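Student: Pasting a structure here, questions to come.
The values are calculated or read from the model by the stated rules, or taken from the named source; none is laboratory data. Since the model is a prediction, treat every value here as computed from it, not as a measurement. We place every Cβ from the backbone using ideal geometry, glycine too, and count neighbours over all the protein chains shown.
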Amino acid sequence: MARPQGFGAKIAHREKSGKTCPVCDEQISYIKHYASVKNAGENVKYKQKIVGICGCNKKEYFG
Ligand SMILES: [Zn+2]
């Protein structure tokens, strides 16, 4: 028979569906972002980075 879910089970399920920012209370979405990395020379490389976007910093990435 099905048992009521414990507190721990609920937390685990929530983390699977996505995290919420404790500051702005928006759901955090993860995107791939290419950050330019400058080396000692004039070479500029792009490094792929996974960043979490929420209300706090989405302006930095989406204008
Ligand atoms: Zn936030």
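Student: Evaluate segment 12-19: report whether one residue or more is at pLDDT below 85 and among the aliphatic types (A, V, I, L, M).
Tutor: Initially, segment 12-19 is screened for residues at pLDDT below 85, giving 12-18.
Narrowing further to those that are among the aliphatic types (A, V, I, L, M): 12.
Taking every residue of segment 12-19 in turn, at least one turns out to be at pLDDT below 85 and among the aliphatic types (A, V, I, L, M).
Yes/no matrix, rows are residues, columns are (1) of a type in the set (S, T, N, Q); (2) in a loop (DSSP other than H, G, I, E, B); (3) at pLDDT 90 or above:
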{"position": "Pro22", "(1), (2), (3)": "no, yes, yes"}
{"position": "Asp25", "(1), (2), (3)": "no, yes, yes"}
{"position": "Lys32", "(1), (2), (3)": "no, no, yes"}
{"position": "Val37", "(1), (2), (3)": "no, no, no"}
{"position": "Glu42", "(1), (2), (3)": "no, yes, no"}
{"position": "Gln48", "(1), (2), (3)": "yes, no, yes"}
{"position": "Gly52", "(1), (2), (3)": "no, no, yes"}
{"position": "Lys59", "(1), (2), (3)": "no, no, yes"}
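Student: I want to confirm something. Restricting to segment 17-43 and keeping residues that are within 16 Å of Cys56 (Cα to Cα) and exposed (fewer than 11 other Cβ atoms within 10 Å of the Cβ), which single residue is nearest to the ligand (Cβ to nearest atom)? Step through it out loud before you land on a result.
Tutor: We begin by selecting, within segment 17-43, every residue within 16 Å of Cys56 (Cα to Cα); these are 19-31.
If we keep only those that are exposed (fewer than 11 other Cβ atoms within 10 Å of the Cβ) as well, we get 22-23, 25.
Details: Pro22: 8, Val23: 4, Asp25: 7 Å.
Only one residue tops the list, namely Val23.
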